[in-house]
Amino acid sequence: MPDLTGRVALVTGGTRGIGLATVRALVAAGATVVLTGRDESRAKEAAASAGAAAGLALDVTDAKAVSSLVRSVAKEHGKLDIVVANAGIMEDALLGMIREEAVDATLSTNVAGTLHTVQAAARAMMRKKTGAIVVLASIVGEYGSAGQTVYAASKAAVANIAKSAAKELGRSGIRVNAVAPGVIETDLTAGLSEEAKAENAAKTPLGRLGRAEEVANAIRFLVSDEASFVTGQVLGIDGGLVL
Ligand code: NAD
């Protein structure tokens, strides 16, 4: 396990699933971790259960709130080394059935929310000329997915945020990467039928769905010094699945 002792980290949407597993992985490596969630009491509860330094309320669609929270975390801890822009939502619908509200919510959470987080992180890291950011893309952002046009398009944008921000921030010592999970068993995918899960597992070379901890381990690698020459990459965490 990489050593993150003395590092200060922020994870958005850290109250459950991949976000919470990432908080636990970073804490286990010695980092001081602040997590955020939409609901304050759930954020506090998750922080206490995972050994995080704090659990704060944050809606990532609110650019001003993201900016001021990131600034205050960096101020309180004297710096910010690691940011994981994990918060995201998914609403499946065939093209003809896509709700306008779902388009707005998905793009404002997944694309704008990630962008606000990366922007605020970059501002906070710029002063020390060092930092590592990871954003959450998806396998469907690369291959597309029937019934997931809005979500898949949003995740393609997220992957590009990592690539573009990496180009812009490299000279400031800030690395930006994305992970692109396949099908991971969390609340986000709990709505999939047993049949759909079995079908996905069967198509996956490793023969099963993924666990949140397996994505968290890859994120921990990317934010650590072990990935010191890795930036602008989209790392698939998908058991070899090709859609
Ligand atoms: P999850 O639904 O269990 O967790 C998502 C988290 O994001 C929750 O804590 C939720 O409260 C938070 N969130 C949602 N909207 C928010 C907002 N506006 N402001 C702040 N927080 C908000 O999902 P998960 O499976 O753990 O997914 C985490 C990330 O990984 C998401 O970006 C998701 O798109 C991505 N992802 C998941 C899978 C998968 O199979 N589970 C695959 C690919 C990518």
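Any read-out appearing in this document is the output of simple, stated calculations on the displayed coordinates, not a laboratory observation. This one's a predicted model, so the numbers in the text were calculated from it and none came from an experiment. Don't worry about glycine lacking a Cβ; one is built from the backbone with ideal geometry, like all the others, and counts go over all protein chains shown.
Could you check the stretch 201-215 and list, in sequence order, the residues that are in contact with a Lys or Arg (Cβ under 9 Å, 6 or more places away or on another chain) and either more than 10 Å from the ligand (Cβ to nearest atom) or in a helix (DSSP H, G or I) (or both)? Give the derivation first.
Looking only at the stretch 201-215, we keep the residues that are in contact with a Lys or Arg (Cβ under 9 Å, 6 or more places away or on another chain), and these are 201, 209, 212-213.
Within the stretch 201-215, Ala201, Ala212, Glu213 meet the criteria.
Take the stretch 111-138 and flag every residue that is in a helix (DSSP H, G or I), within 12 Å of the chain's Cα centre (by Cα) and over 17 Å from Arg171 (Cβ atoms).
Step one: filter the stretch 111-138 for residues in a helix (DSSP H, G or I), giving 111-126.
Still in the list and also within 12 Å of the chain's Cα centre (by Cα): 111, 113-115, 117-118.
Across the stretch 111-138, the qualifying residues are Val111, Gly113, Thr114, Leu115, Thr117.
Can you name every residue in the stretch 39-81 that is hydroxyl-bearing (Ser, Thr, Tyr) and either surrounded by fewer than 16 Cβ atoms within 10 Å (Cβ to Cβ) or within 12 Å of the ligand (Cβ to nearest atom) (or both)?
Of the stretch 39-81, the ones hydroxyl-bearing (Ser, Thr, Tyr) are 41, 49, 61, 67-68, 72.
Residues satisfying the conditions are Ser41, Ser49, Thr61, Ser68, Ser72.
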Q) Across the stretch 164-187, which residue is nearest to Val103 (Cα to Cα) among those that are surrounded by fewer than 17 Cβ atoms within 10 Å (Cβ to Cβ) and within 15 Å of the ligand (Cβ to nearest atom)? A) Asp187
**Q.** Residue among Ser49, Ser41 that is out of contact with any Leu (no Cβ under 9 Å at 6 or more places or on another chain) and not in a loop (DSSP other than H, G, I, E, B)
**A.** Ser41
Q: Specify which of the listed residues (Gly13, Gly19) is crowded, with 23+ Cβ neighbours inside 10 Å, within 11 Å of the ligand (Cβ to nearest atom) and not in a helix (DSSP H, G or I).
A: Gly13
Q: Look through Gly96, Gly141 and report the one residue that is away from the ligand (no atom under 16 Å from the Cβ), in a helix (DSSP H, G or I) and either in contact with a helix residue (DSSP H, G or I) (Cβ under 7 Å, 6 or more places away or on another chain) or more than 26 Å from Leu169 (Cα to Cα) (or both).
A: Gly96
Q | Any pair with Cβ under 8 angstrom, 6 or more apart, that starts in the stretch 125-144 at a residue that is closer than 15 Å to Val223 by Cα and ends at one that is away from the ligand (no atom under 11 Å from the Cβ) and of a type in the set (Asp, Glu) | A | Met125/Asp81; Thr130/Asp81; Gly131/Asp81; Ala132/Asp81
Q | Inter-residue pairs, beta-carbon under 9 Å, first farther than 22 Å from Arg24 by Cβ and in the stretch 201-222, second assigned to a helix (DSSP H, G or I), 6+ apart | A | Gly207/Ala201
Q: Being within 14 Å of the ligand (Cβ to nearest atom) and surrounded by fewer than 24 Cβ atoms within 10 Å (Cβ to Cβ) is the filter; apply it to the stretch 153-163 and report the residue that is farthest from Phe221 (Cα to Cα).
A: Ala153
